[in-house]
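**Q** Here it is, the structure in full.
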Amino acid sequence: MIRDLLTMVWKEWRSVTRGSSRRQLLFSIVLLALWAVLFPLQMGRDWVTDPVPMGLLGFALPVVVVGTIVPDAIAGERERHTLSTLLASRLPDRAILYGKLGFGIAVGWLTVPMVLAIALVTVNLAALEAAPLVYDAAMAGCVLILALLTALLTGAIGIFFSLRAGTTQDAQQQTVLALMFPMLVIGMGLTALGASNPEFRRVLGDWIESVGLATIVLGAMAVLVLADGVLLRAADRRFRRGRLLQP
Amino acid sequence: MREGGGAIRLDGLSRTFGPIRAVDGLTLDVPVGTVFGFLGPNGAGKTTTINLLLGLLEPSDGTATVFGFDPWTDGDEVRRLTGAVLEHSGVYGQLTAEENLEFYGRVARIAPDERRARIRELLGQMGLWDRRGERAETWSRGMQQRLALARALLHRPRLVFLDEPTAGLDVMAAGAVRDDLASLAATTGTTIFLTTHNMAEAERLCPIVAVIRAGHLVTMGSPDELRARTGHPRVEITGRGLDEAAVDALRALPLVAGVERTDGHVVVDLVAPADPAPLVSLLVRRGVEVSEVRRGRASLEEVFVTLMEEDR
């Protein structure tokens, strides 16, 4: 199983590195420019101390990267008419599923520490302070765990949309929207409420203080772990040869 | 391989998609080591049958075995013993030819040294070795199809499914693929399950053909047997003075089933195999200058059309 899984990962890696089209290249440059240069430059030293932008990075980046790679690996194979040949090979269903999923999740997750590192260099170069600015270890650790859990969630959701979507682009858009849209609504709702209602801001602040930020983060991660487990198990059950070629 | 039986055995195999019966009670045997032609019009159920035989679809009814294994329950075994070039070549365009084969060689768990040697051997046989480092998407369809054939043969399968392997190729590319298949069948003894629209291709490559329509088997046998069942023996006569009156005289003969005339040439369908001498002497008596007489036979394409019309 592990050998088959690694074979699948090898193929995905080769496809991505060989198939680096202009669109993919542009996409990578824009992501890097935004998260590793522009945002850190705008925020300055707050970038290394404020948990909000780092939390956003740990969530948004895996969503976008995994939400692009995983649907392309499944819906894309179907669109390029290579899926049926792959399914006609001796590779077990699980090796195909977890090879594709694992590759997407690994790339999506590894992008986060890479961007964090480049962003740190950007901030330090811009700030030019005597002592180098560094991330708080606990905060950076939380961001990396959040990124991993989000990558798993995005991968599992990406599988479902890939099985149903007509095109790769549909699957990618649906996957990213399914995760980004609720977060966007919640974020905008809280911002709007906070701006228009000082009482709400105070109550929220008191609640965070009484519960503790660490507890809230742990709670959110527990919810993510649960969601990951349920969705990955469902994806495992759904991803079967006999179902993939239904007209 | 399990004991007994041929390469493929179907017994009442059926598959429905909603109200549509794509495969309808198909029963047939494919002997080991043969090139089996599976013919039928578009939508006849050929591709669905291959998908059922590869364990990619579950049968609605009936049974199928490939070398004694049930494709649905022992799919891994079946896929280990078989190779396939399906409706599309399935070649990864972003990868080079060598990487395409490297991937499927790893999938088949061929040892690295053997894998390298086999890739070299197959790409060499297909005339693709010098271009092994090019991305497959830059290749012509014919080259991609030959690469797909190399991929299907990489792990030396006992059975290869080929779903219209020359469809959409130009004459030269299709000819090259046909040559590859003929050579494969002659040299390796691999069983080939070939679906095609091209009757000349089936006639050249397949000692046994089955014709299906709307999911059910219409007939099965060698091309000659099919001809004998459906076609008339035929005589082609060329000469000067083959006018309508001469044709009418031919039609009046009891051994003649039908006559078609083109300029200076008639094709006479006989009710049974017979000596063409009476036809020739009749024409000579009517003043026709006969220059050539040839016993003909219906092409497999004509047999196929007749079968389709009879089955309507």
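No value in this document is a laboratory result; all are computed from the given coordinates. This one's a predicted model, so the numbers in the text were calculated from it and none came from an experiment. Neighbour counts run over all protein chains shown; Cβ positions are idealised from the backbone, glycine included.
**Q** Let me know the volume per residue of the alpha-carbon convex hull for region B:67-153, in Å³.
**A** Roughly 103 Å³ of hull volume per residue.
**Q** Efficiency by 1/(1 + (r/R0)^6): what FRET value for B:D263 and B:D61, r their Cβ-Cβ distance, R0 = 56 Å, to the nearest 0.05?
**A** 0.55
**Q** Right, next: Round to a whole angstrom and tell me the spacing of the C-alpha centers of region B:155-192 and region A:163-186.
**A** Region B:155-192 and region A:163-186 have Cα centres separated by 42 Å.
**Q** Viscosity 1.002 mPa s, temperature 20 °C: what is the translational diffusion coefficient of region B:247-295 from Stokes-Einstein with a Kirkwood Rh over Cα pairs, rounded to a whole number of µm²/s?
**A** 193 µm²/s
**Q** Now, a different point. With +1 assigned to the C-beta of every Lys and Arg and -1 to the C-beta of every Asp and Glu, and no other charges, what is the dipole magnitude of region A:89-199 about the Cα centre in debye, to the nearest 20?
**A** 560 debye
**Q** Charges on Cβ only, +1 for Lys and Arg, -1 for Asp and Glu, centred on the Cα centroid of region A:71-115; of A:G108, A:I74, A:L91, which one is farthest towards the dipole's positive end?
**A** Checked the options; the winner is A:L91.
**Q** How many nm separate the modelled label positions at B:E121 and A:D50, each set 7 Å beyond the Cα in the direction of the Cβ?
**A** It works out to 6.5 nm between the two label points.
**Q** For region B:198-312, what Kirkwood radius comes out of the mean inverse Cα-Cα distance, in Å?
**A** One decimal place: 15.4 Å for the Kirkwood radius.
**Q** Apply the membrane-span-like helix rule to chain A: whole DSSP H runs, Cα extent along the own long axis of at least 27 Å, mean Kyte-Doolittle hydropathy at least 1.0. List the helices found.
**A** A:51-79, A:93-127, A:137-164, A:213-238
**Q** Give me the number: length gained by fully extending B:T27 to B:R251, i.e. 0.36 nm times residue separation minus the C-alpha to C-alpha distance, one decimal in nm.
**A** Difference between extended and current length: 76.6 nm.
**Q** Choose one of A:A192, A:A222, A:V203: the residue whose Cα lies farthest towards the positive end of the charge dipole of region A:113-247 (beta-carbon charges +1 Lys, Arg; -1 Asp, Glu; about the Cα centre).
**A** A:A222
**Q** So how far, in whole Å, is the C-alpha centre of region A:4-66 from the one of region A:118-138?
**A** The two parts, judged by their Cα centres, are 19 Å apart.
**Q** Assuming a viscosity of 0.890 mPa s and a temperature of 25 °C, what translational diffusion coefficient in µm² per second does Stokes-Einstein assign to region B:1-154, Rh being the Kirkwood radius over Cα pairs?
**A** 144 µm²/s
**Q** If you don't mind, there's one more thing I want to ask. Restricting everything to alpha-carbon atoms, can you work out Rg to Rh for region A:70-144 with a Kirkwood hydrodynamic radius?
**A** The Rg/Rh ratio comes out at 1.27.
**Q** Output the direction-averaged projected area (hull surface divided by four) of the convex hull of the alpha-carbon atoms of region A:135-247, in nm².
**A** Reported value for the Cα convex hull: 9.5 nm².
**Q** Next question, about the same structure. Normalised by the residues of chain B, what does the relative contact order come to in percent, with Cα pairs under 8 Å and at least six apart?
**A** RCO, chain B: 19 percent.
**Q** Now a separate question. Could you state, as a whole-number percent, how many of the C-alpha pairs of chain B are farther apart than 37 Å?
**A** I get 30 percent for the Cα pairs in chain B exceeding 37 Å.
**Q** Given the Cα atoms of region B:37-91, and with Rh set as the inverse mean 1/r over their pairs in the Kirkwood sense, what is Rg to Rh to two decimals?
**A** Ratio value, two decimals: 0.97.
**Q** Separate question: Which percent, nearest 5, of DSSP beta bridges in chain B are antiparallel?
**A** 65 percent
**Q** Now a separate question. Measure out, as a whole number of angstrom, how far apart the alpha-carbon centroids of region B:114-141 and region B:236-272 sit.
**A** Region B:114-141 and region B:236-272 have Cα centres spaced 53 Å from each other.
**Q** Please compute one quarter of the surface area of the Cα convex hull for region A:103-157 and express it in square nanometres.
**A** Mean shadow area of the hull around the Cα atoms is 4.0 nm².
**Q** Fewest first, what order do B:F193, A:F27 take by the number of other Cβ atoms within 10 Å?
**A** Going from sparsest to densest Cβ surroundings: A:F27, B:F193.
**Q** May I pose another question? Could you estimate the translational diffusion coefficient of region A:68-204 from the Stokes-Einstein equation, with Rh from the Kirkwood formula over C-alpha pairs, at 10 °C and 1.306 mPa s, in whole µm²/s?
**A** It comes out at roughly 88 µm²/s.
**Q** Kirkwood Rh, region B:137-180, all Cα pairs: how many Å?
**A** The answer is 10.9 Å.
**Q** Moving on. Taking the beta-carbon count within 10 Å as an exposure proxy, list A:L232, B:L86 from fewest neighbours to most.
**A** A:L232, B:L86
**Q** Taking the Cα centre of chain B as origin, sum charge times position over the Cβ atoms of Lys and Arg (+1) and Asp and Glu (-1), and report the length of that vector in debye to the nearest 20.
**A** Dipole of chain B, to the nearest 20 debye: 560 debye.
**Q** Continuing with the same structure: Return the long-range amide H neighbours of B:F36 (sequence gap of 5 or more, or a different chain), with a cut-off of under 5 Å between placed amide H atoms.
**A** Here the answer is B:I192, B:F193, B:L194, since their amide H atoms fall under 5 Å of that of B:F36.
**Q** Describe numerically, in nm with one decimal, the distance between label points set 7 Å from Cα along Cα→Cβ at A:L110 and at A:M180.
**A** Label at A:L110, label at A:M180, 2.4 nm between them.
**Q** If you fit an axis through the alpha-carbon atoms of helix B:171-188 and take the longest principal axis of the Cα set of chain B, what angle between them do you get, 0 to 90°, nearest 10?
**A** Approximately 70 degrees, to the nearest ten.
**Q** Mind checking which of A:T167, A:L153, A:N124 is farthest towards the positive end of region A:120-247's charge dipole, using Cβ charges of +1 (Lys, Arg) and -1 (Asp, Glu) about the Cα centre?
**A** A:T167
**Q** What per residue convex hull volume, in Å³, comes out for the protein assembly as shown when only alpha-carbon positions are used?
**A** Hull volume normalised by residue count: 216 Å³.
**Q** Looking at the calculated P(r) for region B:134-216, what percent of the C-alpha pair distances fall above 21 Å?
**A** Percentage above 21 Å: 30.
**Q** Right, here's the next one. From the helices alone, meaning DSSP H stretches of at least four residues, give me the mean residue ellipticity at 222 nm for chain A, per-run term -39500 (n - 2.57), in deg cm²/dmol to the nearest 500.
**A** Theoretical 222 nm ellipticity from helices: -28000 deg cm²/dmol.
**Q** Here's something else I'd like to know. Would you mind calculating the gained length between A:R3 and A:W207 on full extension (0.36 nm times residue separation, minus the Cα-Cα distance), in nm to one decimal?
**A** 68.5 nm
**Q** Divide by every residue of chain B the summed helix terms, -39500 (n - 2.57) for each DSSP H run of at least 4, and state the resulting mean residue ellipticity at 222 nm, rounded to the nearest 500 deg cm²/dmol.
**A** -11000 deg cm²/dmol
**Q** Kindly express, to the nearest 10 degrees and within the range 0 to 90, the angle between helix B:141-153's C-alpha long axis and the longest C-alpha principal axis of chain B.
**A** 60 degrees
**Q** Using unit Cβ charges (K, R positive; D, E negative) and no other charged atoms, how large, in debye to the nearest 20, is the dipole of chain A about its Cα centre?
**A** 1340 debye
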